[in-house]
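Values in this text are rule-based calculations from the coordinates and carry no lab data. Given the structure is predicted, the values throughout are model-derived calculations rather than measurements. No Cβ is skipped: glycine too gets one built from the backbone with ideal geometry, and neighbour counts run over all protein chains shown.
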Amino acid sequence: MNLILKYIKRKVLLYWIIRVFVLSIFLVIGIVAYFILFPSIIYINSVDIPKFLVKTSAGEYELLNKSTCPIVEINEETSLINVQKTVSSKQLDFIKQFVSSGGEWMPKHCIPQHHTAIIVCYRNRTEQLQTFLYHMHSFLQKQNIHYQIFVIEQTFDAEFNRGKLFNVGYREVTMRSLAGCFIFHDVDLMPENINNIYGCTDCPRHMSTSINVFNYKLPYYNIFGGAIAMTRRQFHDINGFSNIFYGWGGEDDDLFNRVYHRGYRVCRYQSFISRYTMLTHEKEIPNENRMQYLRNGPKRFYTDGVDSVTYNLIKYEQLPLYTRILVKV
């Protein structure tokens, strides 16, 4: 009798082991299939860029009797733009004659499809800012877009907070501008390829995927820093950046999680289009709590962001090449 019971138990145990094994295989296959069919990141081929771009002009040009501006023709053989590491005051004075007060420019011969606000977080990098302004104005005017550069400058009262400055920039710009596309940009990154259109796509876009200091390769798969493009709707839906990441690191990974949490998928252009030169600078002090903040991020997505950002506006001034917004955060 005992032998029979042992035999039955072994049979039952073997049955459950096989069943769990088969179910595990189906589960793994299902997970793999999900990520293949619904990837968190979409790569856009150069020929498909016009299909993904969304018009972000808010009807402010309706009274103009002009035709619509074409976007730059996407061409894989386009030569890369050389990035000047240092810029003279004479060069800056030269481009001032083509730019309106506050760092704004739009084509005169046609109606632009894209109205873009470029928001730059900044503190104490004068030479890099000058290089950025010279390079970007020269670069963007080749793309037939309406753009304006906003530099959000933080005072020295606290550690640098990149995410909070971007939230401040978005709040201040939306109160004063009809721009429908927002590009959140580091001051030390210079685009190399004119095909990298500074407009928004129907998915939040990671623009700076190929940077010279990383040998034009991604440091890790879900990196989402450097230069990011989002429409008003997209940025509002994810509640912007977190406000708690003082010091270096974490806020861009948290932003990726917010995008994914809200059901969006990040998109990227091909690497030869998304090439950037990074200017050299001293490394910032890492935020010791960044990993803990990342783990707890989902609990704060709806309470910590652009809707809850607090700051003191010290100065808002329109300078010849950019709009300066000095804030205490």
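Of interest is the spacing of the C-alpha centroids, which for the range 133-166 and the range 257-303 amounts to 18 Å. Here the range 70-177 has an Rg and Dmax of 15.5, 48 Å, counting Cα atoms alone. Among Arg262, Arg123, Arg19, the largest mean-square fluctuation in a Gaussian network model of the chain, built with springs joining Cα atoms closer than 10 Å, belongs to Arg19.
For the Cα trace of the chain, dividing Rg by the Kirkwood Rh returns an Rg/Rh value of 1.11. For the chain, complete DSSP H runs whose alpha carbons reach 27 Å or more along their own long axis and whose mean Kyte-Doolittle score is 1.0 or higher are 2-37. By the rule of a C-alpha distance below 20 Å, with chain neighbours fewer than 8 residues away ignored, the lysines paired with Lys299 are Lys164. Largest GNM mean-square fluctuation among Arg232, Arg205, Arg295, using the chain with Cα springs under 10 Å: Arg295.
Would you list, by chain and number, the lysines whose Cα falls below 30 Å from the Cα of Lys66, excluding same-chain residues fewer than 8 positions away? Output for Lys66: Lys51, Lys55, Lys96, Lys108, Lys142. Absence of a disulfide-compatible partner, taken as no other cysteine beta carbon within less than 4.7 angstrom, is noted in the chain for Cys121. Both the radius of gyration and Dmax for the range 204-261 are 12.0, 34 Å, in that order, over alpha-carbon atoms. A Gaussian network model of the chain, with springs between Cα atoms under 10 Å, assigns the largest mean-square fluctuation among Ile238, Ile145, Ile42 to Ile42. The three principal axes of the C-alpha atoms in the range 148-197 carry coordinate ranges of 39, 26, 14 Å, sorted with the longest axis first. In terms of Cα atoms, the Rg and Dmax of the range 227-329 work out to 15.9, 43 Å. Diffusion coefficient of the range 276-329 by Stokes-Einstein, Kirkwood radius over Cα pairs, 10 °C, 1.306 mPa s: 105 µm²/s. The sum of -39500 (n - 2.57) across all DSSP H runs of n ≥ 4, divided by the residue count of the chain, sets its helix-only mean residue ellipticity at 222 nm to -9500 deg cm²/dmol. Three principal axis extents of the range 117-158 based on alpha-carbon atoms, in descending order, are 40, 20, 7 Å.
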